[in-house]
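Just below is one structure, and these are the notes that go with it.
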Amino acid sequence: MRAVADLSRGVIHASVEIDAPPERVWDAITEPSQLASWWGGELYRTYDWSLDLRPGGAWSTKADGKQGLTTVHGEILELERPHRLVMSWHASWDGDARTVLRYELSETSRGTLVRVVLERFVDRPASCENHTQGWHLVLGWLEAFSGAHAP
């Protein structure tokens, strides 16, 4: 697993290989009940996930943790089950700045390679670095959940 910030371009690249098929990982990142069960740890827990899985559909979640109540919301921009999901990302702790999150899932001999790109952090290097640390945690939680629940 890795998560790297390209501060000059304002982009985060993260990836992890998971011992589960792409369909299983897709469900983990798109089904509200599954998202709520794995996304979060000691720092915060997410809940109240809502996803309208279609281009133009809205999505949102809330989190409660050391920062208090936070929210993230956006719009589904593209989806191709079970390989690609692109969504806008507006986080309350980041001033609701608009970033774009892209998941790419590829089948491997071991299971699924998950690539995440989060972009539009130009002129916001501190936010880019903070989000990079966060995505390292998120992909670890996803790996633990998806691998443990693989058929």
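In the range 102-127, how many are in contact with a helix residue (DSSP H, G or I) (Cβ under 7 Å, 6 or more places away or on another chain) and of a type outside the set (D, E, K, R)?
8
Please find, among Arg102, Arg115, Arg84, the residue that is within 21 Å of Ser8 (Cα to Cα), among the charged types (D, E, K, R) and free of Cβ contacts under 8 Å to residues at least 40 places away in the same chain. Don't jump to the end; show me each part of the working.
Details: Arg115 fails: free of Cβ contacts under 8 Å to residues at least 40 places away in the same chain; Arg84 fails: within 21 Å of Ser8 (Cα to Cα).
Exactly one residue qualifies, and that residue is Arg102.
Could you check, for the range 12-25, whether at least one of its residues is under 14 Å from Trp135 (Cβ atoms), out of contact with any helix residue (DSSP H, G or I) (no Cβ under 7 Å at 6 or more places or on another chain) and hydroxyl-bearing (Ser, Thr, Tyr)?
yes
Does Glu143 satisfy the criteria of being more than 22 Å from Leu7 (Cβ to Cβ), surrounded by fewer than 17 Cβ atoms within 10 Å (Cβ to Cβ) and acidic (Asp, Glu)?
It is false that Glu143 is more than 22 Å from Leu7 (Cβ to Cβ), surrounded by fewer than 17 Cβ atoms within 10 Å (Cβ to Cβ) and acidic (Asp, Glu).
Give me the residue from the range 30-70 that is of a type in the set (Phe, Trp, Tyr) and at pLDDT 95 or above and, out of that set, farthest from Val114 (Cα to Cα).
Tyr47
Name the single residue, out of those in the range 73-106 being of a type in the set (Gly, Ala, Ser) and under 14 Å from the mean Cα position of the chain (by Cα), that is farthest from Arg54 (Cα to Cα). So that I can check it myself, show each step before the final result.
So in the range 73-106, the residues of a type in the set (Gly, Ala, Ser) come out as 74, 88, 91-92, 95, 97, 106.
Applying the additional criterion that residues be under 14 Å from the mean Cα position of the chain (by Cα) yields 74, 88, 91.
Working: Gly74: 12, Ser88: 13, Ala91: 21 Å.
This residue is Ala91.
The values are calculated or read from the model by the stated rules, or taken from the named source; none is laboratory data. Predicted model, so just to flag it, every value in this text is computed and none were measured. A quick note on method: Cβ atoms are made from the backbone with ideal geometry, for glycine too, and the neighbour counts reach across all protein chains shown.
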